[in-house]
Amino acid sequence: MQQLVDDPTRYSLSSSNILDLVAVSHPALISNLSVEREFSDHCYISFCFSKHLCDYSNVTRKVYLYGKGNFDAIRSDMHDFQSKFFASLPESRTVNDNWLSFKDALSSITKHVPTKLVKSSDKRPVWLPRSVRRSIKHRDVAAKLAKKSGLLIDRDKYRKL
């Protein structure tokens, strides 16, 4: 983290201090930072935040269809791995070598579980939880109803959301 404000933001009769901060992990995202005129006993800070928002409308991602997976084949592969692994004396190898061996065995899951590519149909980010999306939709429906009906009770329901 880097603090970008270098000029004092609070002045008193005897001293001046930097009390208001702009702390960022990527300073290149902040431009035109300046300490402006006083407002009450503080100066306000003005800056531009230049971050391009991601377009989530064309995001495709791989989804594993575990419901259609061949779990008998996975169990068989894991049983074979277990037999070979313990027969090869894992105590004689390093932890890293054992981990790589186990990691290779786990790749059988990807061989026996089908996948499909899913393209996002809406422009909402993938990381936005379903509960929040549902609340947003509920709010939008209430706003539409309040606007369409013009009734005070519908507007109050919308404002409470």
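Of all residues in the stretch 61-91, those satisfying the criterion of being among the polar types (S, T, N, Q) and in a helix (DSSP H, G or I) are 76, 82, 83. Exactly one residue out of 133, 155 is within 25 Å of the chain's Cα centre (by Cα) and surrounded by 12 or more Cβ atoms within 10 Å (Cβ to Cβ): that is 133.
Contact map, the stretch 58-79: first residue among the aliphatic types (A, V, I, L, M), second residue surrounded by fewer than 13 Cβ atoms within 10 Å (Cβ to Cβ), Cβ cut-off under 6 Å, separation 6 or more or different chains; pairs are 63/116; 63/118. The number of residues in the stretch 97-129 that are part of a helix (DSSP H, G or I) and at pLDDT 85 or above comes to 14.
The values are calculated or read from the model by the stated rules, or taken from the named source; none is laboratory data. Owing to the predicted nature of the structure, the values given are computational and were not obtained by experimental measurement. Neighbour counts run over all protein chains shown; Cβ positions are idealised from the backbone, glycine included.
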